[in-house]
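Here the structure comes first, spelled out in C-alpha cells, and everything after it is commentary.
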Amino acid sequence: MTREDVPQVFQIEKSFFSIPWKEQDFYDLLPKEEYFFLVAKQEEKVLGYLGAAITPFDASVTTTGVLLEHQRRGVGTALFKALFFECQRRGLAEVFLEVRESNRKARAFYEKLGFCQLASRKNFYQDPMEDGILMRYKTRVEKEC
C-alpha cells in the first residue's frame, strides 16, 4: 500500500465497519515497521486491502475489506495468501484475527483459508455490542514436545 492508495482504502473501510479506522490512522501506520499493509488493485482502482500488526513471533490482522462487487472473485484470498507468504518469510508462526460472531460470511471465508476458532471475546465489538471470535492460522506446523 502506498500513501496514494489510502483515500480508496478508507472509502472501503468506512463502508464495512461501524467504527472504522480514521483515514489518518492509515497514513500514520503505513511507514511503521511493525505494521504491514497490502492492497489488491485493478489498474489504479483499489479492490481490497489488508493490514496487520507484526511482532517478532506472530501477526494480527487489524483491518481488511474487499469491495462488494469484487467479493468471491479471489481478491480476499490473494491478500491473505500474500500475508501468509510474508509471515513465513519473516519466520512468524501464527496469524490472529477477530471477527464479529454474527459475521458468518467472514467466518466461513477465514475457515476456508485455514483459520480455526480459538476463543470468544465477550462484548469485544461496539456499535452494536457483540462478542468477537478470535481465530488463528498456523503458518507452519510445529513439532509437539
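Values in this text are rule-based calculations from the coordinates and carry no lab data. Values in this document were obtained by computation on a predicted structure and should not be read as measured data. Virtual Cβ from ideal backbone geometry, glycine too; neighbours counted across all protein chains shown.
Quick look at the values:
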| item | result |
| --- | --- |
| Those residues of the range 102-117 which are closer than 17 Å to PHE80 by Cβ and either touching a strand residue (DSSP E or B) at 6+ places or on another chain (Cβ under 9 Å) or of a type in the set (A, V, I, L, M, F, W, C) (or both), in sequence order | ASN103, ALA106, ARG107, ALA108, PHE109, TYR110, GLU111, LEU113, GLY114, PHE115, CYS116, GLN117 |
| Single residue of the range 1-37 satisfying the filter (among the β-branched types (Val, Ile, Thr) and not in a helix (DSSP H, G or I)) that is nearest to ALA78 (Cα to Cα) | THR2 |
| Qualifying residue in the range 19-35 (condition: surrounded by 11 or more Cβ atoms within 10 Å (Cβ to Cβ) and touching a Cys at 6+ places or on another chain (Cβ under 9 Å)) | no |
| Filtered residues of the range 41-57 (kept if under 26 Å from SER102 (Cα atoms) and over 10 Å from the mean Cα position of the chain (by Cα)) | LEU47, GLY48 |
| The listed residue being of a type in the set (Gly, Ala, Ser) and either at positive phi or touching a residue at least 24 places away in the same chain (Cβ under 8 Å) (or both), out of ALA78, ALA53 | ALA78 |
